[in-house]
Structure formats: C-alpha cells, structure tokens
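The values are calculated or read from the model by the stated rules, or taken from the named source; none is laboratory data. What you are looking at is a predicted structure, and each value in this text was computed from that prediction instead of being measured. Here the Cβ positions follow ideal geometry from the backbone for every residue, glycine too, while neighbour counts run over all protein chains shown.
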Amino acid sequence: MPSFSQPFRLAVLPKILSLSNVETQISSLQIADDFSLESNKITIGISGSTISQYIINPTPSLVFNVPIPSTNNVTACNIGHFVSDTDGSKLECWAYGLSYNKNHTLNISIKTSDDDKYATSGGEVVETYSQKCDDKIEHIKINEKEKVIVVVLKNGLIQFYDFTLKLLKSVNVMYSDISFVEHFEEDGKQFAIILSNIEGKKISFKLYELFTNDKTSINELSSTILEDADLGESQICYQFGKIYRLFEDRLYIYNLPQCQLQQTIELPFIQKKDSDVLSFSPIANNRILLTVNNKIYLLDLVHNSILAERDLSHVKVYQLLKSIVVPSKGENKNSKTIAIGVSIKNGPSPISSLEVINVDVGSGTLKDSLGKSFQVANVKKNIPLQSLFPEDETIYAKGEQKSFDYKNILQELQNNKNDINKFDDIFFKKLNIMKEYYTEQDRFIYDQKFLSDVLDLIFSAFKKDYPRALTFLLTHPLFPISHTRNLLTKFRNQPRLFKQAVVTCPNLPLKELLAELFTITNGELCLDISLRILQDYTRDSIKQELKTLSKVDIQNFIEFVIDTDSEDKSQFNPQLFQLLSLVLDASGLFALEEETLEKLSAYIDNQVNVAERNNRLWHLLDENSDKRSTLNQANDQNVLQTKSLSAYSVEYLEL
C-alpha cells in the first residue's frame, strides 16, 4: 500500500549560508551514485565542508570524509569501485568537482574499500590527483569496468580521463550552457542525456551512446530543440525512457529518443505562489515524489492520482535530493525504497539537516489510485441528470419536484442569513423538504455545488446557533467531501450536531475520527465513533492511519472499553475489542502507562473468569436438560424437542 514513513535524520549540516538558503541548498549538495538499497551507504559532497560518506542502517553515522576548503563549492561528485592492477586489492575512486570564483578543478581520491556494508571504518586514502578545468563541472560519471571518468563541463565539453586524471579525449556538444546531465544504462549499453539552455527560452536536447567501440567512444543518437522552455525556471528528472519537466503547476513529459512532448499534466494542488519551494524526483515506473514546502506527495502519472501524502510538520521546508528508483515491473517485485532530502527547521535560527524517508510506492495499478485523482473537472454549468425512465407524472408522488432554481434559492438564503427562522423557512419550503432529515423524497436535491454553497453560507453567517437546515445537510448522502475536513472540530461545542455528524455525515476523514476518539470523554460518543470507524474503514487502513499519528493518547479509549459500569456498549463489545486490538498493534504496549496496563490485564483476567464460569453453567444446564428429557420420555410417549446448546468458547485478546 503506498505510504510514507516519518523521516529520520542522517546528519546535521554545517551552518553555512548556502546550505541554509532554500534557493542554493540543492546545488550545494551533490549525491554520488553509490546511494542504493544494497550498498547501505551514501556519499554526499557538501559545499564548503567535506565529501562525506555515511552508513544508513542500523544507525546513521559518518564513515569517512575528505575535507575541502571552506570557500569551495562542490559542483559534482561520484564514486567508482575497482581492483588494483598491482596487488589486487579493492579500491574506491572518489571523483569530485570544486569551484571557487573562476577556478575549477577535478579532484580524485583513491582509497581502500571495505566489502562490509555495515562497517563503520572508512579505510584510508592512498593516492590523490587534481586537474584544472576550463569551466564548472556539471556532472561526473565513472566507468568502473574501463576505469574511465567522464566529465561534462558547463561550457559544453565532454572529457574522458583515466584514474590518474590524464585527459584521454574531449568532445564539444556545440552549446555552452549545460544545465542537466543524466547517465543511464539500457540493455547493457551506456547512454547520456545532455540539456543546454539556448537564448530565447529554448532548450537543446542531445542523446549520446558511450563506450560503443572503446573506452572513449561517444556517438550522438538524436538532437532536438525544445521551444518555449527554460531550464532556469524548470526542474528536470529522468526515468525509464521519459524526461519530466516541472514548470509552475504543470508537469511536461517527453519521450525518448527524440524528446517529443507526450503529455502535459496539471497539478491543481500547487498554488503558483512565489514563496512555495518545489522539488521532485523519480521513484518508480510512472511514479514520482513531489514536495511543496513541507508536504510530500507520491504521484501516479498514468492515473493522475495522489497515491500518498504526508505533512512533515517538524520542518519548514523539505527538498528532495535523490531517490532510489524501484526497477520496472518484472525486474524486482519489491515496492519499498528510500529517498534523501534536505530540510530546514522552523525557528529564528534555522538548522539544516539531511533526512531520509522510507517510501512504499505501491503496485502502480489502478487499484492503488481509486478515489485519489487530483484532476479537477472544469464544469462551467450544472447539467441536470436525465431520468432513465419516461417522465410520467404517475411515477412520482404528488407534490414532488424534480428540478429547482438553485441560484435564486441561494440568493434568498443569502438575503436572510441574519434571521435563522426565515433562513430555515426558505430552505425547507423552496426545496419541498418535509422532514428535518434526508428521506427518499429528497433525492432530487443532488446539486453538490448548491449544497457546498449553502454550507459555506451557514458556517460564515452562523457561529453559535445553527439553523435546522444544517441538520438536514448532515444526513444528506451527497454531503460535499470538501466540507468534511475539520467538521468535527467545528461541532465540539455543539453536542447534538457533533453526534449527528458522527452518525450520519458521509466521508468523515479517518484521521479526524481517530483524533476525536482518543480525546473525547463521553462514553456514548466514544461508542458512536468506534462503530463508525469500524463500519467505514478496513482493518489495514485503520492500522496504517494509526501508525501515521505523531502522538496518540489512548488512555481515554482503553478506560472506556474496560469500563464495566457501562451497559450500553455490552452488545458492541466484539467490535470494540477489534478496534482496541488495532490500536494496541499500532501503538504498542510500551506506550501505555503502568497503571493502564494493570487495569487492562485485570479486566482481561476477569473476562476470562466470567467466560469459564459461564461455560461450566451452560454444561450443567445442558446435562440437566438431557436428564429431564429422558425422564419425560419414559413417562410419556411424546418426546419433547429440545434445542441443543453449543459449547461456550473462550478467545484470548492478543496483545
């Protein structure tokens, strides 16, 4: 099931201006290709500090680092593993590009390697090399098999070096403002995508194949100019033969090898604010991660749906740096992966840190996307539903009306919003509503926009005493989903409406129902909410939502369940125990106070004793019934038919 976990901290970043500025954070942090589930390691180039390597599990910790001058920015870095030609030892080649003003260098550190992915010893550097470059290094790729380093410079040069930084070959791509480079492998062949900015809001796309004949061979496969596009205003990522370009609230998808625009997707949850901080990264086939400030989304770009989302309330901004892409279908059935990002905490002195988040990308099928579409239909006018049957007046009861002038009714309600009695009279009379709750006769009131507008009017005009129209709307099956959010919070001081909403209002969010369940002290309402949760949601969804709650106080709920003085809930004990089991599974027994554990244990022991005692009584009754039946049969030929009693079973609550 698609979901996010709570991010965990990998490391706190140095207090450097470029690392605390949301506009320069991503460009100041470079992630090497050793970031994978198998390696358990991640190497990061931190501008003005170090090239650092961390292990992720079991506890994030620094393994090894290479210090760099505090004035230098890391523009690219990567790692390659190879075997020494002299003694056969395993080594690592750390390659990274540094820039300071107009000085640009390519640097190499050769160090010993450890096969243990959990090892905390980083080895030692045995050789170092450095080479000046003509321009900023945009990307570094290491071919471990050929022992070749491919370097792409900002000015349009592609250069090949060996592990001693001897220049082997240099190729010019014609365009000098390279801003995006991506290397990928397909069918055992190596490819590179290079995107360059061209004056007049244009982008040059070039696709190359590398290492076709020898270790320095490079062939251009295709070249395209994209019109009305700017790399400086866009964000780019690549996965599985597609290039994704995010610009404002639209996502453009291009197909390789010709980079033809395949699809444009509008993302309505992006508000186009200049203050919004956006980032995105590929995560699986046709799925991407997207962050907007401190909120992270998992999007399905085939079904246009939000598979999962999470508010990272502990930070002000979270930007994605890199994610481990789940292989396409057929290669790996695992749906769980991780991504790394940089966050800024709230406060007067914000702290930047690297944080890793676990992601379950789901199956990518329609099943994961049902009911989660983010596409908003632009309906310009309300089109009434047409009946499937002929309009025969005899079909409908006398006095029923099949259509209403919603616009005029809403205007009359608006004009009388200061008089609660007139408001109700207009609402019930104009819509021919006979009762204060929804009945079958009210099925023709189906315009959701009208219902939504009436609710907006009620909540804006009435603060303490609400009209009877609100009670009717709470029982309507087409109650707008947009108004169910925070609905229970609004009714906390209105017990009657609170209970009405819990019992009849459709589509109440599970998160809010659980929040009320764990804070409310009224036994009757606690029972209503418990039954509503079990009725509307599955066990898996309840357990999953419980795990996402940052802090859950289940004290009130447990005391309500084990309260022996309450008789109203006795018939619902099986359902309440089922919900209690889910709560304990999600929160764990260690989250309970010692006094609560003792009460719960005593209650379970008491229930077991009651069950055992009832079991013995049932057997005694059954035995006496058999004796009386035998005696009556001897005295009279009419055999009495007695109903056999089933043996009483005892089930223990699993904690």
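Here's the yes/no breakdown for (1) more than 27 Å from Ile558 (Cβ to Cβ); (2) touching a Gly at 6+ places or on another chain (Cβ under 6 Å); (3) not basic (Lys, Arg):
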| residue | (1), (2), (3) |
| --- | --- |
| Asn416 | yes, no, yes |
| Ile420 | yes, no, yes |
| Ile426 | yes, no, yes |
| Lys429 | yes, no, no |
| Val454 | yes, no, yes |
| Ser482 | yes, no, yes |
| Lys490 | yes, no, no |
| Ala501 | no, no, yes |
| Cys526 | no, no, yes |
(Q) Can you find a residue that is under 23 Å from Gln414 (Cβ atoms) and acidic (Asp, Glu) anywhere in segment 503-522? (A) no
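The rows are residues; the columns are (1) part of a strand (DSSP E or B); (2) hydroxyl-bearing (Ser, Thr, Tyr); (3) at pLDDT 90 or above; (4) more than 14 Å from the chain's Cα centre (by Cα).
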site: Ile296; (1), (2), (3), (4): yes, no, yes, no
site: Val315; (1), (2), (3), (4): no, no, no, yes
site: Val326; (1), (2), (3), (4): no, no, no, yes
site: Glu331; (1), (2), (3), (4): no, no, no, yes
site: Asn334; (1), (2), (3), (4): no, no, no, yes
site: Gly341; (1), (2), (3), (4): yes, no, yes, yes
site: Pro350; (1), (2), (3), (4): no, no, no, yes
site: Glu355; (1), (2), (3), (4): yes, no, yes, yes
Q. How many residues does segment 274-294 hold that are assigned to a strand (DSSP E or B) and farther than 17 Å from Tyr318 by Cα?
A. 2
Q. If we scan segment 59-71, do we find a residue that is small (Gly, Ala, Ser), surrounded by fewer than 20 Cβ atoms within 10 Å (Cβ to Cβ) and not in a loop (DSSP other than H, G, I, E, B)?
A. yes
Q) Here is a list of conditions, (1) in a helix (DSSP H, G or I); (2) farther than 27 Å from Ser313 by Cα; (3) hydrophobic (A, V, I, L, M, F, W, C), and Trp94 meets all of them except one; can you say which number that is? A) (1)
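Condition (residue is in the same structural domain as Phe498 (by TED's automatic domain parsing) and either among the charged types (D, E, K, R) or more than 22 Å from Lys499 (Cβ to Cβ) (or both)) applied to segment 467-478: is it met by at least one residue? Can you show your working first?
Taking segment 467-478 first, the residues in the same structural domain as Phe498 (by TED's automatic domain parsing) are 467-478.
Now narrow it down to the ones that are either among the charged types (D, E, K, R) or more than 22 Å from Lys499 (Cβ to Cβ) (or both): 468.
Yes, segment 467-478 contains a residue that is in the same structural domain as Phe498 (by TED's automatic domain parsing) and either among the charged types (D, E, K, R) or more than 22 Å from Lys499 (Cβ to Cβ) (or both).
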Q: Please state which one of Asp442, Asp447, Asp453 is without any contact (Cβ under 8 Å) to a residue 40 or more places away in the chain, surrounded by 16 or more Cβ atoms within 10 Å (Cβ to Cβ), of a type in the set (D, E, K, R) and in contact with a Leu (Cβ under 9 Å, 6 or more places away or on another chain).
A: Asp442
Q: Scan segment 490-518 for residues that are assigned to a loop (DSSP other than H, G, I, E, B), in contact (Cβ under 8 Å) with a residue 24 or more places away in the chain and either in contact with a helix residue (DSSP H, G or I) (Cβ under 7 Å, 6 or more places away or on another chain) or closer than 24 Å to Met1 by Cβ (or both) and report the count.
A: 6
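Output yes when any residue across segment 159-166 is within 30 Å of the chain's Cα centre (by Cα), under 20 Å from Ile149 (Cβ atoms) and surrounded by 14 or more Cβ atoms within 10 Å (Cβ to Cβ), and no when none is.
Scanning segment 159-166 turns up no residue that is within 30 Å of the chain's Cα centre (by Cα), under 20 Å from Ile149 (Cβ atoms) and surrounded by 14 or more Cβ atoms within 10 Å (Cβ to Cβ).
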Q) Going by the structure shown, is Thr112 modelled with pLDDT under 90 and within 36 Å of the chain's Cα centre (by Cα)? A) no
**Q.** Cβ pairs under 7 Å, 6+ apart, first in segment 125-147 and in contact (Cβ under 8 Å) with a residue 12 or more places away in the chain, second in a loop (DSSP other than H, G, I, E, B) and among the hydrophobic types (A, V, I, L, M, F, W, C)
**A.** Tyr129/Leu165; Gln131/Leu165; Asn143/Phe211; Glu146/Phe211; Lys147/Phe163
**Q.** Candidates Ile203, Ile243, filtered to the one that is in a strand (DSSP E or B), within 26 Å of Leu267 (Cβ to Cβ) and without any contact (Cβ under 8 Å) to a residue 40 or more places away in the chain
**A.** Ile203
Q.
Restricting to segment 467-503, name every residue that is among the small types (Gly, Ala, Ser) and crowded, with 19+ Cβ neighbours inside 10 Å.
A. Ala469, Ala501
Q: Could you check Lys206 against (1) within 29 Å of the chain's Cα centre (by Cα); (2) among the charged types (D, E, K, R); (3) buried (at least 16 other Cβ atoms within 10 Å of the Cβ) and say which number it fails?
A: (1)
